[in-house]
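The values are calculated or read from the model by the stated rules, or taken from the named source; none is laboratory data. Here the structure is a predicted model, which is why all the values come from computation and not from measurement. Surface accessibility is based on the protein's heavy atoms, side chains included, excluding ligands, DNA and RNA. Shrake-Rupley method; radii C 1.70, N 1.55, O 1.52, S 1.80 Å.
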Amino acid sequence: MTVLEAFASQQLKSEVPQFNVGDTVKVHQRIVEGTRERTQLFEGTVIAKKNGGISETFTVRRVSFGVGTEKTFPLHSPNVQKVEVVRHGKVRRAKLYYLRDRVGKSAKVKEKI
C-alpha cells in the first residue's frame, strides 16, 4: 500500500449510511461563517452516486419556490455530519438526470414499500 492509499484509508468514515439513488435524504452539512459554526439541512432526492473510496460523492436535488437546486456532497467529508434517509425510492436507473426536465407530479419518485 502506498503512502497515498494509507492516508486515504485513515480519512474514510467508519459508519457510512446506506442509501441509494432515488432515496429522499436529509444531509446535515457543517457551515463555517467566520468564527461561528452551524449545521444546515439540505433535503432532497439523490439523483446520482459516483466513484468509490475516499472520492465517493452523491448529488441531491430539490425544488424550492419553483427553482431546482442540486448540491454534490463528498460522502467522507468531515463537513457532512450525517445523512438521514427519509424514504426509499423505487427506481430502475443508476442516474436520475431526467428529473431535471420534469415539473410537478411527474418529478416525483415512487416510494418503495
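Over 22 Å between C-alpha atoms is what I'm after, so list which of K13/K108; K49/K110; K82/K108; K13/K112 land there.
Numbers: K13/K108 31 Å; K49/K110 19 Å; K82/K108 24 Å; K13/K112 27 Å.
Going by Cα-Cα distance, K13/K108; K82/K108; K13/K112 fall outside the 22 Å limit.
Need one value: the accessible area of V16 in square angstrom, 1.4 angstrom probe, rounded to the nearest 10.
So the heavy atoms of V16 present about 60 Å² to solvent.
How large a share of the accessible area of the chain, in percent, is made up of carbon and sulfur atoms when the probe is 1.4 Å and the other protein chains stay in place?
Values: 4070 of 8060 Å².
C and S atoms contribute 51 percent here.
Which cross-chain or sequence-distant (5 or more) residues have an amide H under 5 Å from the amide H of V86, H modelled 1.01 Å from N in plane?
Under 5 Å from the amide H of V86 lie the amide H atoms of T24, V25, K26, each far enough along the sequence or on another chain.
Kindly write out, for segment 36-52 in residue order, the coupling ³J(HN,Hα) from the Karplus curve 6.51 cos²θ - 1.76 cosθ + 1.60 (θ = phi - 60°), rounded to whole Hz, with x marking Gly and Pro.
Karplus-based 3J(HN,Hα) across segment 36-52 equals 8, 9, 8, 10, 10, 8, 9, 10, x, 9, 6, 9, 7, 10, 10, 6, x Hz.
Return one whole number: the accessible area per residue of the chain in Å², for a 1.4 Å probe. Walk me through the numbers before you get to the answer.
On the way: 8060 Å² over 113 residues.
Ligands and nucleic acids excluded, the figure is 71 Å² per residue.
Normalised by the number of residues in the chain, what is the relative contact order in percent for Cα pairs under 8 Å and 6+ residues apart?
On the way: 191 pairs, mean separation 31.0, N = 113.
It rounds to 27 percent for the chain.
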